[in-house]
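The values are calculated or read from the model by the stated rules, or taken from the named source; none is laboratory data. The model shown is predicted, which means the values in this text are computed figures rather than measured ones. Backbone-built Cβ (ideal geometry, glycine too); neighbour counts: all protein chains shown.
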Amino acid sequence: MEERSIGMEVNDIKIKAFPAEEFKDNDTLQRYIDELKEAGGSVIVGKLDQLIDWGRANSLWPIAFATSCCGIEFMAAASAHYDLSRFGMEVTRNSPRQADVMVVAGTIVNKMAPLLRRVYDQMAEPKYVVAMGACSISGGPFLNSYNVVQGVDRILPVDVYIPGCPPRPESLFYGLLQLQRKVKVERFFGNKRIKRYYRPETLINPKTGETIDPQIDFDNK
Amino acid sequence: MLEITQIIQQIAPDAQIETKQRLTITVRPDQLHPVIEALYRNETLRFDYLISLTGMDWGDRLGAIYQLSASVDLTQEVIVITSTADRDNPLLYSVTDLYGTAHLNEREIYALFGIRFINNPDMRRFLLNDQWKGFPFRKDYVHDPKLNPETVISSEIIDIAPRIMEKEGGELAEENVAVFGEEDYIVNIGPQHPSTHGVMHFRTSLDGEIVKKIDVHSGYIHRGIEKLCENMTYPQMLHLTDRLDYLSANINRHALCMCIEKGAEIEVPERAQYIRTIMDELQRISSHLLAWATHCNDLGATTAFIYGMREREHILDIFDKTCGGRLIINQNVVGGVMFDIYSDFQKDVKAFIPYMRKKLKEYDDFFSHNAIALGRMVRIGLLSREDAISYGVTGPAGRASGWSCDVRRYKPYALYDQVEFKEIVRTEGDSYARYLNRLDEIEESLHIIEQLIDNIPSGEVCAKVKPIIRIPAGQFFQSVETGKGEFGVFIESSGDKNPYRVKFRSPSLAAVSVIPLISKGAFLSDLIGITGSMDFVIPDIDR
């Protein structure tokens, strides 16, 4: 048994395919780590935890919630030329119950929002969400439309955003590697979830017309 | 055309007939059906192909524009316009009995403009939820997030269709009919289902393994692109067309550019025409390759999927080197192309042609004659020529049913009148014919590129265009042949810097509207193969 929470830095998170220095933004993750440190205190990490952490980060099974163009780039990333399986993510699941990470690839409109939430709710914990492309980040080019949800973080908590319209497969990989690092950090702090973005400002129940309490934790409902 | 004018005048003496670029007939709502029926049954030239049906809001009047064409000669076009002043309860007569494609189009117009169609057997809203308040495409619509909020709570699907039928005495009766029988066993396929090629939702009633009826639900990616265009200047609209049918992004954009150029009378330099045509054909190959790959994947051949994507990357690399984009390349602009080709472009394309030919042979060897593949495609999903025309199914799917409908041949644009190519037509009408058509069209595209690649003239790639383009008042239409079929852009301009109304004619909507017909009586497992062979793209349907 060893005690490792004190002095934990971004550089300590090893991703085999990509050295820590090559990530463009390490400060954000370092801030999370500092925040977690303040909240977490000292945590004992054993060899078994390390093994679990290694296994989870390297076999994130995605479900592609592909609605439009970004879905095609996801397909391109998963096929031979780019080869997503280098990072242990080639097992794209068609059922949310078998998936670890949901890649929201494409525009989400009002009609789709409840279904997206339902698929998310069907996933087993621990689960992660990657918002791929401008549409799922903010509505993108369709921001002013009457029917487009302005970012999937209004519906569910998001771990990683990947900008682009559509993002190239390289960008997708970069985002997914960031996610791997977040997963690895998590273990060091006794399973405490790292910060996710969620801003359900205007969720309204259409049956009663009431605003849904944004504090509701859908995960533990 | 003189003869048509006489026929119309007999039926509707007070119809306004104008012969501008195309014959335009404006009729009262009650004369609409007889006029269109006369055109449909006209013996010398039957106008049996409804290219597009466009809902309109002219401020004081709501109406619809019917673009008709003849299936034997696509160069012949007639426009029929009708409108009603009643904004509270606008009613028009349906043409569903004549054209199959009218059904979903009329439902779409009801959802977006609130116009209901008498005698349409199923007048539910298409694209939008039943609970949606207001009609977003009307000019006086103001979006209020309180009325139509975002929510995470699902609404139930009610399978009861309202409709208005005309009784024998001419009375109108409002009815509600059940979409499915009470005993029907209904399975939802989609919207989040990997084999529906996007977010399509088929409510399927089954008898054991046999498909009895399919109810098409769409709109899970309805982004209101046409409405967004109304608040944009013409050059700003360009990037939205790319995101309709993203597999034919460059070709869609070509259509919009040509439509604007037609309206604003801009001459495109010849070098740009060459680049546009070559890029279109490369895009078509990549679209067909993806269609082939996913179709094979639907039939269980995962290796074929990887193969198709592999060859596609070669084309995307060429796009990437030309303009930095892979899937959506933003190359066409009004007046020409944004980027000139790079120095090794010709070399790369010429290296790709023999490579692709070799791979086509390989596809043919390992999948096209495979016993399992044949068993799941031959005589499955039969679409007759009459139905293909009635539902407006164009592209490789329409040509597999024996309908010669290549826009490049009938209404040549860019350089298609200067190159030689075969129009691939098969008469079997099954999934296998559609499958083979795509592979053969790849070969034809390679042939077209071969004729052009060495002769690209030097010169400008873009004409001088003002940043704000104004199109004179009027209606403009331009169609092109995408990988899926005839894609059209309709612009009504009021002379302003923004369009008054934009409508995109979607080939995928036609392809999906015919699915209930051709998969009736098929096995559930074959339904997936049939949808794969029709090759539709959902954002193109929902717009």
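A few points about this structure:
- Conditions (1) of a type outside the set (Gly, Ala, Ser); (2) buried (at least 22 other Cβ atoms within 10 Å of the Cβ); (3) in a loop (DSSP other than H, G, I, E, B): number failed by B:Val80: (3)
- Close contacts from segment B:13-34, counting a first residue that is in contact (Cβ under 8 Å) with a residue 12 or more places away in the chain and a second that is among the acidic types (Asp, Glu), with Cβ to Cβ under 6 Å and a gap of 6+ residues or different chains, come to B:Arg22/B:Glu77; B:Thr24/B:Glu18.
- Selection of segment A:137-152 for residues being within 12 Å of another protein chain (Cβ to nearest Cβ) and at negative phi yields A:Pro141, A:Phe142, A:Leu143, A:Asn144, A:Ser145, A:Tyr146, A:Asn147, A:Val148, A:Val149, A:Gln150, A:Val152.
- Test: residue in segment B:273-292 that is away from chain A (no Cβ under 14 Å), among the polar types (S, T, N, Q) and part of a loop (DSSP other than H, G, I, E, B): no
- For segment B:133-158, a residue qualifies if it is modelled with pLDDT of 85 or more and within 30 Å of B:Asp184 (Cβ to Cβ), but none of them does.
- Annotation: of all residues in segment B:313-346 being within 19 Å of B:Arg253 (Cβ to Cβ) and among the polar types (S, T, N, Q), the one that is farthest from the other protein chains (Cβ to nearest Cβ) is B:Asn332.
- Breaking point among (1) in a helix (DSSP H, G or I); (2) free of Cβ contacts under 8 Å to residues at least 60 places away in the same chain; (3) over 19 Å from B:Leu452 (Cα atoms), for B:Gly325: (1)
- Residue selection: B:Tyr500 satisfies the criterion of being surrounded by fewer than 22 Cβ atoms within 10 Å (Cβ to Cβ), at pLDDT 90 or above and of a type outside the set (Gly, Ala, Ser).
- Test result for A:Val149, in contact with an Asp or Glu (Cβ under 6 Å, 6 or more places away or on another chain) and not basic (Lys, Arg): yes
- Against the list (1) assigned to a loop (DSSP other than H, G, I, E, B); (2) touching a residue at least 40 places away in the same chain (Cβ under 8 Å), the condition B:Met165 fails is (1).
- Options B:Ile25, B:Ile51; residue that is more than 26 Å from B:Phe126 (Cβ to Cβ), in contact with a strand residue (DSSP E or B) (Cβ under 6 Å, 6 or more places away or on another chain) and hydrophobic (A, V, I, L, M, F, W, C): B:Ile25
- B:Arg376 being more than 27 Å from A:Phe74 (Cα to Cα), touching a residue at least 12 places away in the same chain (Cβ under 8 Å) and in a helix (DSSP H, G or I): yes
Results for (1) at negative phi; (2) away from chain A (no Cβ under 14 Å), shown as yes or no for each residue.
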| position | (1), (2) |
| --- | --- |
| B:Met200 | yes, no |
| B:Asp207 | yes, yes |
| B:Gly224 | no, no |
| B:Asn231 | yes, no |
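- Looking only at residues in segment A:155-168 that are within 14 Å of another protein chain (Cβ to nearest Cβ) and surrounded by fewer than 21 Cβ atoms within 10 Å (Cβ to Cβ), the one that is nearest to B:Phe319 (Cα to Cα) is A:Arg168.
- Of residues in segment B:1-43 being charged (D, E, K, R) and in a loop (DSSP other than H, G, I, E, B), the one surrounded by the fewest Cβ atoms within 10 Å (Cβ to Cβ): B:Glu43
- Check on B:Asn176, modelled with pLDDT of 85 or more and within 29 Å of the chain's Cα centre (by Cα): no
- When the test is whether a residue is away from chain B (no Cβ under 11 Å), more than 30 Å from B:Cys229 (Cα to Cα) and in a strand (DSSP E or B), A:Val183 does not pass it.
- Qualifying residue in segment B:65-81 (condition: aliphatic (A, V, I, L, M), on the phi > 0 side of the Ramachandran plot and under 24 Å from the mean Cα position of the chain (by Cα)): no
- Candidates are the residues of segment A:115-140 that are free of Cβ contacts under 8 Å to residues at least 24 places away in the same chain and buried (at least 17 other Cβ atoms within 10 Å of the Cβ); the one that is nearest to B:His201 (Cα to Cα) is A:Leu115.
- Selection from segment B:115-130 of residues that are farther than 24 Å from A:Ala113 by Cβ and in a loop (DSSP other than H, G, I, E, B): B:Ile115, B:Asn119, B:Asn120, B:Pro121, B:Asp122, B:Met123
- Among residues of segment A:68-92 that are farther than 20 Å from A:Ile108 by Cα, those with a Cβ under 7 angstrom from a residue that is acidic (Asp, Glu) and assigned to a helix (DSSP H, G or I), sequence gap 6+ or separate chain, pair up as A:His81/B:Glu313.
- Of the set (1) within 10 Å of chain A (Cβ to nearest Cβ); (2) farther than 20 Å from B:Ser513 by Cα; (3) under 23 Å from the mean Cα position of the chain (by Cα), all apply to B:Phe113 but (1).
- Check on B:Tyr49, crowded, with 21+ Cβ neighbours inside 10 Å, among the hydroxyl-bearing types (Ser, Thr, Tyr) and at pLDDT 85 or above: yes
The rows are residues; the columns are (1) farther than 25 Å from B:Arg376 by Cβ; (2) modelled with pLDDT of 90 or more; (3) in contact with a Lys or Arg (Cβ under 8 Å, 6 or more places away or on another chain); (4) not small (Gly, Ala, Ser).
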position: B:Leu244; (1), (2), (3), (4): yes, no, yes, yes
position: B:Glu267; (1), (2), (3), (4): yes, no, no, yes
position: B:Ile278; (1), (2), (3), (4): yes, yes, no, yes
position: B:Glu281; (1), (2), (3), (4): yes, yes, no, yes
position: B:Asp298; (1), (2), (3), (4): no, no, no, yes
position: B:Phe305; (1), (2), (3), (4): no, no, no, yes
position: B:His314; (1), (2), (3), (4): yes, yes, no, yes
position: B:Phe319; (1), (2), (3), (4): yes, yes, yes, yes
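- When segment B:132-157 is filtered for residues that are more than 12 Å from chain A (Cβ to nearest Cβ) and either loosely packed, with under 10 Cβ neighbours inside 10 Å or outside any loop (DSSP other than H, G, I, E, B) (or both), only B:Asp140 remains.
- The set of residues in segment A:75-102 that are in a helix (DSSP H, G or I) and either within 11 Å of chain B (Cβ to nearest Cβ) or exposed (fewer than 15 other Cβ atoms within 10 Å of the Cβ) (or both) comprises A:Met75, A:Ala76, A:Ala77, A:Ala78, A:Ser85, A:Arg86, A:Pro96, A:Arg97, A:Gln98.
- Those residues of segment A:55-74 which are among the charged types (D, E, K, R) and surrounded by 21 or more Cβ atoms within 10 Å (Cβ to Cβ), in sequence order: A:Glu73
- All positions within segment A:103-133 that are within 7 Å of another protein chain (Cβ to nearest Cβ) and in a strand (DSSP E or B): A:Val109
- Evaluating B:Leu127 against the criteria (1) farther than 16 Å from B:Gly219 by Cα; (2) surrounded by 18 or more Cβ atoms within 10 Å (Cβ to Cβ); (3) within 14 Å of another protein chain (Cβ to nearest Cβ) leaves one unmet condition, (1).
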